[in-house]
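Reading through the structure tokens given below for one structure.
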Number of protein chains: 2
Amino acid sequence: MSLPELETVNDIRNVLERLPGPDMDARAAADEREPQLTKPAGSLGRLEEISNWLATWQGVHPPKLDSVAVHVFAGNHGVTDQGVSAFPPEVTVQMVGNFEAGGAAINQLCRVQGADLKVFPLKLDEPTADFSQEPAMSEPIFVEEFNVGWNSVQPHMDLLCIGEMGIGNTTAAAAIARGLFGGTGAEWAGPGTGVSGPVLDHKATIIDQSVDKHRNAMPDGLEVLRHVGGRELAAMAGAIVAARLQNVPVILDGYVATAAAAPIAACTSNGLAHCISGHVSKEPGHRRLLKKLGLTPLLDLDMRLGEASGAAVAIGIVRAAHACHTGMATFAEAGVSDKDD
Amino acid sequence: MSLPELETVNDIRNVLERLPGPDMDARAAADEREPQLTKPAGSLGRLEEISNWLATWQGVHPPKLDSVAVHVFAGNHGVTDQGVSAFPPEVTVQMVGNFEAGGAAINQLCRVQGADLKVFPLKLDEPTADFSQEPAMSEPIFVEEFNVGWNSVQPHMDLLCIGEMGIGNTTAAAAIARGLFGGTGAEWAGPGTGVSGPVLDHKATIIDQSVDKHRNAMPDGLEVLRHVGGRELAAMAGAIVAARLQNVPVILDGYVATAAAAPIAACTSNGLAHCISGHVSKEPGHRRLLKKLGLTPLLDLDMRLGEASGAAVAIGIVRAAHACHTGMATFAEAGVSDKDD
């Protein structure tokens, strides 16, 4: 299908109201095959859920896993003026250079997972506005960045990992989480790249003040994302929604990617049904946010890097699930006695 | 190095008293490289631990990951005469046929993980003695099977996954766990391939009675393994110990593989330092046993299949860790500002 043009925030709202549902034929075909495979029923645990999910949201059975994409969106944040990060904002552009040269963690992970990495630097010399003072993005900027993600998704993709890079963006993630789910800045703020003590307290205060400041201007999830998000968060949201329309299942990375997804769920209750959480990061707000969204992460390895790194490690689990579901012999084929034979 | 000949249980005891320790030079080299890589310190979480562990127990830096082996040991159990399993014992040989034909879960997992699968059927037409009545194995049989695992490990292997197949062997695993760590059969017994209700209660009773019966004849872990283990458990223990001597790090699979490893730790406190737990299975005794052994599993996916399947999925995490540690650019190479620049 070709995706509709998006020119305003209302265009995005209209898309969210009409998201396609699960493919019940593909799901039924997966449900029929799984119990015939040579293993005790249910013994592959979440691998069985994953292969079913893959078929359901690709809309095809058997599910495919030939083309796995990893998209990393990078942006800079005016809120770093408030001293909320351990690293200087120049690191965002330096790390994009590192991605392009193949030296970052995500490059190595994509290589071992057989995934295609694409990096989207989003006007790194134009940070969003400092959202402790004004909305992070105007409507046109928000829609422009949403469209970058929206247009990044291609129907040939069988699986898409969503991640980011952006000094300051755990502050944005925490502000979105508080904007959507309430609580205090201290509950949602974490060390990010490595702040602690008084700097972490200050980060929490900035989150509280920013969300309070914009509260009345944020009637829905998209406005939360626009006011206290950032370029890469808007783009990730666009990619996640486009993936739903293009039948591409999504693995979300860590706290920031999950925070970019959360407004979609806030607008449309089943809006993230085509997404799984690749991992829960060490950033404490992430576990809390996943719980609010009803997502159970595949991995819990104390990672907190971003760059889609946790999602990329989780590709291996999806490959395992896919290989078992599509490649195993049935009891009949293998001449193995079933439980009740 | 060439491994010593093992002719008696005492020969095994002697080996366990002289296990080689960690390679501190390889560890130091890993410790030196890790903080130079282009990421916030510690942000790869357990991936950083894993690459360090790999170097330490291979005894080389950078660690290698060219040759990954998966060994599945299969045996039959006289204790199935007591009606402790949902599947008939014939399934063990049928599943070995399925492994050889490439139709089982582990075949698919080895394919996607780039691992070499070897299956060791251990006299499947000669089940061990029913350990509710007599010791599962005589000393010669125990040493013979230990040697099968012992001789299966080759020094060219960079990583070895240990798993099993054997109808009835979660009963053996639970009996070993109770023999080593006490508690009740009910605390260590689980559904295995799918028992519940009165059959599960009966399984727990058999475990209690069997361990009580042999208690005075089991002065150490090896005797526990011989009395209430089985052929594949003895072989797994042999492979794990041989791997230590051959500088081959090990990924343990589920409850049964962990129960085969536990007697090694009972004999020698750091005897499993070269092993990681690939996953915690849904079999409830497994989580408890891992805790007793101080092992933190890499995955928690509700799997409970055996066949080294959980360990094989975890290979992907070790590959991820290895790729990041060996392939990433340093801050200096990439021209990225470090935190304190």
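The values are calculated or read from the model by the stated rules, or taken from the named source; none is laboratory data. Worth saying up front: this structure is predicted, and the values here are computed from it rather than measured. All Cβ positions, glycine included, derive from the backbone under ideal geometry; neighbour counts span all protein chains shown.
Quick notes on this structure:
- For segment B:146-167, the set of residues classified as assigned to a loop (DSSP other than H, G, I, E, B) and within 17 Å of the chain's Cα centre (by Cα) consists of B:Val153, B:Gln154, B:Met157, B:Asp158, B:Gly166, listed by residue number.
- Residue match in segment A:214-235 (condition: touching a residue at least 40 places away in the same chain (Cβ under 8 Å) and within 24 Å of A:Ala26 (Cα to Cα)): no
- Within segment A:286-315, tally of residues that are surrounded by 24 or more Cβ atoms within 10 Å (Cβ to Cβ) and not hydrophobic (A, V, I, L, M, F, W, C): 6
- In segment B:277-284 there is at least one residue matching the filter, namely being facing chain A (nearest Cβ under 9 Å), part of a loop (DSSP other than H, G, I, E, B) and buried (at least 24 other Cβ atoms within 10 Å of the Cβ).
- Residues that are of a type in the set (Lys, Arg), in a helix (DSSP H, G or I) and at the interface with chain B (Cβ under 9 Å from one of its Cβ atoms), drawn from segment A:33-66: A:Arg46
- The single condition among (1) farther than 29 Å from B:Arg226 by Cα; (2) modelled with pLDDT under 95 that B:Phe87 does not satisfy is (1).
- The set of residues from segment A:45-76 being aromatic (Phe, Trp, Tyr) and surrounded by fewer than 24 Cβ atoms within 10 Å (Cβ to Cβ) comprises just one member, A:Trp53.
- Inside segment B:2-17, residues that are touching a Ser or Thr at 6+ places or on another chain (Cβ under 9 Å) and either surrounded by 15 or more Cβ atoms within 10 Å (Cβ to Cβ) or closer than 11 Å to B:Leu245 by Cβ (or both) make up a count of 1.
- Residue tally, condition part of a strand (DSSP E or B) and surrounded by fewer than 20 Cβ atoms within 10 Å (Cβ to Cβ), over segment A:77-123: 2
- Looking across segment A:250-271, the residues that are touching a residue at least 12 places away in the same chain (Cβ under 8 Å) and either out of contact with any helix residue (DSSP H, G or I) (no Cβ under 7 Å at 6 or more places or on another chain) or more than 25 Å from B:Ser43 (Cβ to Cβ) (or both) come down to A:Pro263, A:Ile264, A:Ala265, A:Ala266, A:Cys267, A:Thr268, A:Asn270, A:Gly271.
- Taking the listed residues B:Gly229, B:Gly294, the one that is away from chain A (no Cβ under 14 Å), out of contact with any Asp or Glu (no Cβ under 6 Å at 6 or more places or on another chain) and closer than 16 Å to B:Phe146 by Cα is B:Gly229, with no other qualifying.
- Count of segment B:14-23 residues which are assigned to a helix (DSSP H, G or I) and touching a residue at least 24 places away in the same chain (Cβ under 8 Å): 3
- Qualifying residue in segment B:137-146 (condition: at pLDDT 95 or above, of a type in the set (A, V, I, L, M, F, W, C), on the phi < 0 side of the Ramachandran plot and surrounded by fewer than 21 Cβ atoms within 10 Å (Cβ to Cβ)): yes
- Against the list (1) free of Cβ contacts under 8 Å to residues at least 40 places away in the same chain; (2) over 20 Å from the mean Cα position of the chain (by Cα); (3) farther than 30 Å from A:Ile315 by Cα, the condition B:Phe131 fails is (1).
- Residue list for segment A:18-44, restricted to those being surrounded by 15 or more Cβ atoms within 10 Å (Cβ to Cβ) and under 30 Å from A:Phe146 (Cβ atoms): A:Leu19, A:Pro22, A:Asp23, A:Ala26, A:Arg27
- Yes/no for A:Thr170 being of a type in the set (Ser, Thr, Tyr) and part of a helix (DSSP H, G or I): yes
- Hits in segment B:124-145 (condition: in a loop (DSSP other than H, G, I, E, B) and of a type outside the set (Gly, Ala, Ser)): B:Leu124, B:Asp125, B:Glu126, B:Pro127, B:Asp130, B:Phe131, B:Gln133, B:Glu134, B:Pro135, B:Met137
- All positions within segment A:305-337 that are in contact with a Ser or Thr (Cβ under 9 Å, 6 or more places away or on another chain), of a type in the set (A, V, I, L, M) and either assigned to a loop (DSSP other than H, G, I, E, B) or more than 7 Å from chain B (Cβ to nearest Cβ) (or both): A:Leu305, A:Ala311, A:Ala314, A:Val318, A:Ala321, A:Met328, A:Ala329, A:Val336
- Residues of segment B:119-133 satisfying the condition of being out of contact with any Pro (no Cβ under 8 Å at 6 or more places or on another chain) and of a type in the set (Gly, Ala, Ser): B:Ser132
- Residues in segment B:210-234 that are surrounded by fewer than 24 Cβ atoms within 10 Å (Cβ to Cβ) and closer than 12 Å to B:Val84 by Cβ: none.
- Long-range neighbours under 7 Å by Cβ, at least six apart or interchain, first residue in contact (Cβ under 8 Å) with a residue 24 or more places away in the chain and of a type in the set (D, E, K, R) within segment B:53-79, second surrounded by fewer than 21 Cβ atoms within 10 Å (Cβ to Cβ) and assigned to a strand (DSSP E or B): none
- When A:Lys292 is tested against (1) farther than 29 Å from A:Lys123 by Cα; (2) over 12 Å from the mean Cα position of the chain (by Cα); (3) in a loop (DSSP other than H, G, I, E, B); (4) in contact (Cβ under 8 Å) with a residue 24 or more places away in the chain, just one condition goes unmet, and that condition is (3).
- All positions within segment B:327-341 that are at pLDDT below 90, surrounded by 14 or more Cβ atoms within 10 Å (Cβ to Cβ) and of a type in the set (Asp, Glu): B:Asp338
- Screening A:Ala29 on (1) within 14 Å of chain B (Cβ to nearest Cβ); (2) among the small types (Gly, Ala, Ser); (3) more than 22 Å from the chain's Cα centre (by Cα); (4) part of a helix (DSSP H, G or I) shows it passes everything except condition (1).
- Residue in segment A:184-226 that is nearest to A:Glu145 (Cα to Cα), counting only those that are hydrophobic (A, V, I, L, M, F, W, C) and in a loop (DSSP other than H, G, I, E, B): A:Met218
- Matching residues in segment A:84-130 - criterion: being of a type in the set (Lys, Arg) and more than 7 Å from every other protein chain (Cβ to nearest Cβ): A:Lys118, A:Lys123
- Neighbours by Cβ (under 9 Å, 6+ apart or cross-chain): first from segment A:103-122, under 20 Å from A:Val153 (Cα atoms) and at pLDDT 95 or above; second buried (at least 21 other Cβ atoms within 10 Å of the Cβ) and hydroxyl-bearing (Ser, Thr, Tyr): A:Ile106/A:Ser309; A:Lys118/A:Ser152; A:Phe120/A:Ser152; A:Pro121/A:Thr92
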